[in-house]
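To keep things clear, I will list the structure first and then write my remarks on it.
The values are calculated or read from the model by the stated rules, or taken from the named source; none is laboratory data. Worth saying up front: this structure is predicted, and the values here are computed from it rather than measured. Don't worry about glycine lacking a Cβ; one is built from the backbone with ideal geometry, like all the others, and counts go over all protein chains shown.
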Amino acid sequence: MKNEAAVPPYHIASVDHALRLLLLLKTRPSVRVAEAADELGVARSTAHRLLAMLVFRGFAAQNPTTRAYHPGPVLIEVGMGALSRLDVRRKARPYLERLVAATGETASLQILEGDKVRFLDSVESRNAVRVASRAGVTLPAHACAGGRVLLAGLAPEAVHRLYPTERLDRVTEATNTDRATLFEELADARTLGHSVNRGESEPGLVAVAVPLPDRVGTPVAALIVAGPTARMGPEGVNRAVAALHEAAKELAETLYR
């Protein structure tokens, strides 16, 4: 990525290299040491040291199998913070309204804040019995469908840092309180592209969530449809999943134009 501004008089090459690597991680799903070295015009040993420092500070993470590097939890959190300050709420509102019309249930937008999710906005169902708006409310991420699709976008080591013990907080009788099970749920969310919460954050409520991706597919927010158990059986869940995927795809294209 080129910058037409003049090089500052006190140019620090190592800082410049690290910032260029961050830009590279922003635009690619993964980066290998050789690619980083070629991009920076440095030796592979230098690129490896720079990437190792980004991993140490949480701006990058390394896949233990492929050895490639991808955006780390800190870089993702920075992106989420920037997204929450953008006009995402205004841009998402028409899609939330469309989700309500398509599913008949309440639709919401969430972001991840550490081990919690925050509702940025909600549009309520028109049904007399409905899930109320929770705009501004935070809930434990592991107990929410939106939280799980966002946690699924983090590297395993980042999830371990958020949940350092095997036992997780209980919200309702249905809440999973086991970290190993949470990792299985996150794997399912990555495979399926969605997560379902059946009474884990509130009894009698079923919520379905899909991730809202950035340009390289990293989840930066979640779209959720939630309704009472009586209306959110298998057919209602499938209808919500289809509507959510369509809305997330179109919203993402709108955000990054």
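Is it the case that ILE111 is closer than 22 Å to GLY217 by Cβ, modelled with pLDDT under 85, within 20 Å of the chain's Cα centre (by Cα) and not small (Gly, Ala, Ser)?
Details: closer than 22 Å to GLY217 by Cβ: yes; modelled with pLDDT under 85: no; within 20 Å of the chain's Cα centre (by Cα): yes; not small (Gly, Ala, Ser): yes.
Here the answer is no, as ILE111 does not meet what is asked.
Check segment 92-103 and report whether any residue there is modelled with pLDDT under 90 and charged (D, E, K, R).
Here is the first cut: in segment 92-103, the residues modelled with pLDDT under 90 are none.
Within segment 92-103, not a single residue is modelled with pLDDT under 90 and charged (D, E, K, R).
Would segment 180-191 turn up any residue that is modelled with pLDDT of 95 or more, among the small types (Gly, Ala, Ser) and surrounded by 19 or more Cβ atoms within 10 Å (Cβ to Cβ)?
The answer is yes; a qualifying residue exists.
Find all pairs meeting these conditions: Cβ atoms under 6 angstrom apart; at least six residues apart or on different chains; first residue within segment 89-111 and within 14 Å of ALA242 (Cβ to Cβ); second residue of a type in the set (D, E, K, R) and at pLDDT 95 or above.
Listed pairs, sorted by first residue: THR103/ARG239.
Could you tell me which of the residues LEU162, LEU186, LEU192, LEU168 is over 16 Å from the mean Cα position of the chain (by Cα) and over 18 Å from SER108 (Cβ atoms)?
Details: LEU162 fails: over 16 Å from the mean Cα position of the chain (by Cα); LEU186 fails: over 16 Å from the mean Cα position of the chain (by Cα); LEU192 fails: over 16 Å from the mean Cα position of the chain (by Cα).
Every option except LEU168 fails the conditions.
Looking at (1) out of contact with any helix residue (DSSP H, G or I) (no Cβ under 6 Å at 6 or more places or on another chain); (2) within 27 Å of GLY236 (Cβ to Cβ), which is the only condition GLU185 fails?
Tallying (1) out of contact with any helix residue (DSSP H, G or I) (no Cβ under 6 Å at 6 or more places or on another chain); (2) within 27 Å of GLY236 (Cβ to Cβ), GLU185 fails exactly one: (1).
Checking the structure you have, find out if any residue of segment 204-224 is in contact with a Phe, Trp or Tyr (Cβ under 8 Å, 6 or more places away or on another chain) and within 20 Å of ARG130 (Cβ to Cβ).
Going through segment 204-224, the residues in contact with a Phe, Trp or Tyr (Cβ under 8 Å, 6 or more places away or on another chain) turn out to be 214-215, 223.
Pick out the ones that are also within 20 Å of ARG130 (Cβ to Cβ) and you get 223.
There is at least one residue in segment 204-224 that is in contact with a Phe, Trp or Tyr (Cβ under 8 Å, 6 or more places away or on another chain) and within 20 Å of ARG130 (Cβ to Cβ).
Looking at this structure, is PHE119 among the aromatic types (Phe, Trp, Tyr) and either surrounded by 18 or more Cβ atoms within 10 Å (Cβ to Cβ) or under 28 Å from GLU253 (Cα atoms) (or both)? Step through it out loud before you land on a result.
On the way: among the aromatic types (Phe, Trp, Tyr): yes; either surrounded by 18 or more Cβ atoms within 10 Å (Cβ to Cβ) or under 28 Å from GLU253 (Cα atoms) (or both): yes.
When the stated conditions are applied, PHE119 passes them.
Within segment 98-120, how many residues turn out to be of a type in the set (Ser, Thr, Tyr) and in a helix (DSSP H, G or I)? Spell out the reasoning first.
First pass over segment 98-120, keeping only residues of a type in the set (Ser, Thr, Tyr): 103, 106, 108.
After this cut, where a residue has to be in a helix (DSSP H, G or I) as well, the list is 103.
Matching residues across segment 98-120 total 1.
Given the options LEU205, LEU162, LEU212, name the one that is more than 23 Å from ALA61 (Cβ to Cβ) and either at pLDDT 95 or above or in the same structural domain as LEU223 (by TED's automatic domain parsing) (or both). I'd like the intermediate steps shown before the answer.
Working: LEU162 fails: more than 23 Å from ALA61 (Cβ to Cβ); LEU212 fails: more than 23 Å from ALA61 (Cβ to Cβ).
Sole residue among the options that is more than 23 Å from ALA61 (Cβ to Cβ) and either at pLDDT 95 or above or in the same structural domain as LEU223 (by TED's automatic domain parsing) (or both): LEU205.
Condition check ((1) among the aliphatic types (A, V, I, L, M); (2) surrounded by fewer than 19 Cβ atoms within 10 Å (Cβ to Cβ)) across all residues:
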site: ARG148; (1), (2): no, no
site: LEU151; (1), (2): yes, no
site: PRO213; (1), (2): no, yes
site: ALA243; (1), (2): yes, no
site: GLU246; (1), (2): no, yes
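When the residues of segment 236-246 are filtered to those that are over 16 Å from the mean Cα position of the chain (by Cα) and touching a residue at least 40 places away in the same chain (Cβ under 8 Å), which remaining residue is nearest to PRO94 (Cα to Cα)?
Residues of segment 236-246 over 16 Å from the mean Cα position of the chain (by Cα): 236-243, 246.
Checking which are touching a residue at least 40 places away in the same chain (Cβ under 8 Å) leaves us with 236-237, 239-241, 243.
On the way: GLY236: 21, VAL237: 21, ARG239: 18, ALA240: 16, VAL241: 18, ALA243: 13 Å.
Selected residue: ALA243.
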